[in-house]
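Read the structure below first, then the notes.
What follows is calculated from the coordinates using simple rules that are stated; it is not laboratory data. From a predicted model like this one, the values you see are computed outputs, not experimental measurements. Don't worry about glycine lacking a Cβ; one is built from the backbone with ideal geometry, like all the others, and counts go over all protein chains shown.
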Amino acid sequence: MKIAVLTSGGDSAGMNAVVRGVVRIGIVKGCETWVVREGYEGLVRGNEENVQQPPYDNIPASKDVTIADPGFLKTLRFGDGTLLRDGTFDHHYGRSLKGRYIIRVGWDDVRGYLPQGGTLIGTARSKAFRTHEGRLKAAFNMIKEGIDALVVCGGDGSLTGADVFRSEWPGLVAELHASGKITEAQATQHGHLKIVGLVGSIDNDMSMTDLTIGAPTALHRICEAIDSINSTAASHKRAFVLEVMGRHCGWLALMAGVAGGADFIFIPERPPEAGRWQEKMCEAISRHRSVGKRKTIVIIAEGAHDSSLAPIKADDVKEVLSETLGLDTRVTTLGHTQRGGRPCYYDRVLPTLQAVEAVDALLEANPDTPSYMIGISENKITRVPLMEAVELTRNVAKAISEKDFAKAMSLRDPEFAETLDGFFHTSWLMKEPYLPIQKRLRVAFMHVGAPAGGMNAATRAAVRYCLYQGHTPLAVYNGFNGLLDDNITPLTWLGVDNWMARGGSELGTNRTLPSTNIGQVASKFQEHDINALMLIGGFEAFTSLVELEEAREAYPPLCVPVVHLPATISNNVPVTEYSLGSDTSLNALVDACDAIKQSAAASRSRVFVVETQGGRCGYIATMGALATGACIVYTPEDGTNLDMLRQDVKYMRRRYGIDKKGKAEGRLIIRSEAASSVYTTEVITKMFKEEGGALFDSRMVSLGHTLQGNIPSPIDRTRAVRLSLKSMHFIEEQAEQLAKLPWKQRWTHKGADAVITIQGTKVKWVGVKEMVEQADIKNRRGKTQWWTKYKQMVEMLVAREQLVN
Ligand code: ATP
């Protein structure tokens, strides 16, 4: 199959990862791969008659490199890797790309694509493609090159264009045949167009997918801006109104509002009441100021309006804040800075996984299958009918224009509504708490284990929720040691205000378990009248939960709801596919590896062996390898042995042997700290140095505690809020259930202790018994781990099998 990939509409971070993924997985799966420059415009323009394609068969490999399948090597067409990399398209094999829009590409043509923002193959908004004439030309240009499979990465407009093209295709082919532009054989061979859409859009405005490619990076940029503005706002007691992108979609504004701890937000899906929003906003903000808050942040989506659809602009908000509240107010419009720049971790892995799914969907397509859009639901890559998704997306804009805001909200994914609810609960300061006194609880919060990004954000959200409802939030400082030392104080609304963007652990965290002195722990529960406990942490938090549950029968004060919210950079808590902090950590890893790779290629060809934390769980190493394009990953799950190392050396020698002579290349190996106690990072580095000879040098670097990250990533912050509030709902429900039981039955009652998990597309509560059954206690990880399959993908993306065998 000949597959072409194009990027269309507005650019977004991660589009390059799509191109890289489609090209590489396409080649590995035996396809010929092409890129189309400048979106649909390139398809319409095609290739000029007299322009030659580069010489695909002329593979420059060094003499000492022999590979079993030279045919495959030819298909890989390891070029010099400069095609399209610098955006000028001019130096490939000394030939100009002028007049060529549909270009066959090889493996190394997409080298270095992962860390680059925007789209290196260009994008455009094509008027011509909107016309029948334009699409006829596009079909002709594709058939001329023998292509009838297309991956389109763009927004809803681009995906609509793709569907129109596919449905018209048989007619276009017939027309081309009738006019003699293509032969009978060509018409028969290309009677059906296979098309797959990937959503590249910074707005996250597509229905039937939780996230679009580029939205997480845009959110990173916005949060960086808010974090910077926060300090100056507090210094001068100022108010800032921040305008972010989003015409019909308030996702960026909402997520930024939550992640940045904003005071008020304006989004199109849930507009404030016409004529009353000024009063409501001023009430919220003056309450915040009345408890001593020194700064005010209001976030407004560019498409914001009130319930009568009258636009609300940043300057309108500024005027109200200045005039009514007398605040020194500034407007900041982030504009195109939000388009991204360097893609964050998520915008490297998501497009890579989606590209793999896209190629599979094309290979499986037949005339009866619908065109698919590749999406993601929680943690699962999905295929959904493209037109259904586009139509639902259009319906949101339609519902808003008809003022049916409830419908608009219902068409967004469930995370959207939950996060909006989370924003209200964490930003609104109640005059009187919501719950009657008899329903109010004393809820203790404790961090257990090592620090992880998002621990503070989760605590802040739960504390704010407690205060909204009327519960008393109690900080237990320094884990179970702190509990035993009575290091417990109530937390306040303002006291946690800046915690969203704080890394580390504001409560202090350590690895002490309740079994240190379980009797004393129970007596402290009684002494401080603790009605519920939220444990935020990793494997130790889980172990603590198990110990507390086991002790219930012997120690009645422990018969209260206890929840564990997983937070650990290692992501090694059983059952759940996601722990808070792992996204922050992977972003820290990606940042470090980009710098290392650059250094490795700057002087001479060098392999860097990068050691990661993660205990006996290879999650960070494997996902980090996928996001940085590392060649080899060593994990504790797979261990390390001599046969493996021999193959790895063989791979690396062949790979460097194929590189263009005289051009330095940096490559990464990622090694989990506990992958082997014998073949350590130092041993492996020395081995590669020795075996690399004249081909490459090697160096090692240990990322150590830098992987705990500095400021938590926006994804960790927003998920922290959502999961934390779900945990609070669970605590309230369980407390109510327990209260209904006779005292003695509470001792044996199961189900009040649980872990909040993400499994595939669902957020699920899992009881202690099931958690223990799924745990590999010795290795401190789950018995099964969802991500282990991705090691194979890391290897596919570097053609390991082809080069080693
Ligand atoms: P963004 O979200 O950044 O706006 P988009 O993909 O929605 O991205 P559009 O400008 O709407 O951006 O669409 C991109 C291109 O897709 C258009 O320039 C046009 O070439 C093509 N296209 C859009 N709609 C159609 C359509 N109905 N028929 C044919 N082609 C279309």
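Just a few scattered comments:
- Looking at region 236-296, the GluC sites (Glu not before Pro) that sit in a DSSP loop and have at most 15 other Cβ atoms within 10 Å of their own Cβ are 273.
- Taking the chain and dividing mean pair separation by its residue count, relative contact order in percent (alpha carbons under 8 Å, at least six apart): 13 percent
- The angle between the Cα long axis of helix 539-550 and the main principal axis of the chain comes to about 40°, on a 0 to 90 degree scale.
- Cα centroid of region 570-599 to Cα centroid of region 356-410, whole Å: 29 Å
- The slack in the chain from residue 779 to residue 48, taken as 0.36 nm per residue of separation less the alpha-carbon distance, amounts to 257.1 nm.
- One decimal place: the segment residue 381-residue 805 gains 149.6 nm when fully extended, by the rule 0.36 nm per residue minus the C-alpha distance.
- Simple point charges give the picture: +1 on the Cβ of Lys and Arg, -1 on the Cβ of Asp and Glu, and for region 215-338 a dipole about the Cα centre of about 380 debye.
- Residue 332 long-range amide H proximity, modeled H, under 5 Å: 241, 242, 243
- Converting phi to 3J(HN,Hα) with the Karplus coefficients 6.51, -1.76 and 1.60 and the offset θ = phi - 60°, region 727-742 yields 5, 5, 4, 4, 4, 4, 4, 5, 4, 5, 4, 4, 4, 7, 7, x Hz in sequence order, with x at every glycine or proline.
- Prolate/oblate/rounded label for the chain (Cα gyration tensor, a/c 1.5): oblate
- Shape of region 321-468, Cα gyration tensor, a/c cut at 1.5: prolate
- Least to most buried among 616, 20 (fewest other Cβ within 10 Å first): 616, 20
- Exposure proxy order (Cβ contacts within 10 Å, fewest to most) of 313, 194, 661: 661, 313, 194
- Anisotropy class of region 554-629 from Cα gyration tensor, a/c 1.5 cut: prolate
- Based on C-alpha pairs under 8 angstrom that are at least 6 apart in sequence, region 215-338 has a relative contact order of 37 percent.
- Under-5 Å amide H pairs with residue 532, H placed in peptide plane, nonlocal only: 442, 444
- FRET efficiency, residue 498 to residue 750 (Cβ-Cβ, R0 30 Å, nearest 0.05): 0.20
- Sorting 525, 424, 264 from the fewest to the most surrounding beta carbons within 10 angstrom yields 424, 525, 264.
- In order along region 603-612, the phi-based Karplus estimate (6.51 cos²θ - 1.76 cosθ + 1.60, θ = phi - 60°) of 3J(HN,Hα) comes to 9, 9, 4, 9, 9, 9, 9, 9, 8, 10 Hz; Gly and Pro are listed as x.
- Crossing angle, helix 414-427 versus the chain [Cα axis fit, 0-90 degrees, rounded to tens]: 40 degrees
- Karplus-derived 3J(HN,Hα), 6.51/-1.76/1.60, for each residue of region 311-324, Hz, glycine and proline x: x, 10, 10, 4, 5, 5, 5, 4, 4, 5, 5, 6, 6, 7
- Once the Cα atoms are used to define both axes, helix 518-527 deviates from the longest principal axis of the chain by about 60 degrees.
- Relative contact order (percent, whole number), region 141-232, Cα cutoff 8 Å, 6+ residue spacing: 30 percent
- For residue 448, distant residues with modelled amide H under 5 Å away: 536, 537, 538
- Between residue 287 and residue 224, the contour length at 0.36 nm per residue exceeds the alpha carbon distance by 20.1 nm.
- Entries of 194/661; 295/524; 293/398; 29/127; 750/791; 127/181 with Cα pairs more than 30 Å apart: 194/661; 295/524; 293/398; 29/127; 750/791
- Once the C-beta distance of residue 438 and residue 762 is scaled by a Förster radius of 45 Å, the resulting FRET efficiency is 0.85 to the nearest 0.05.
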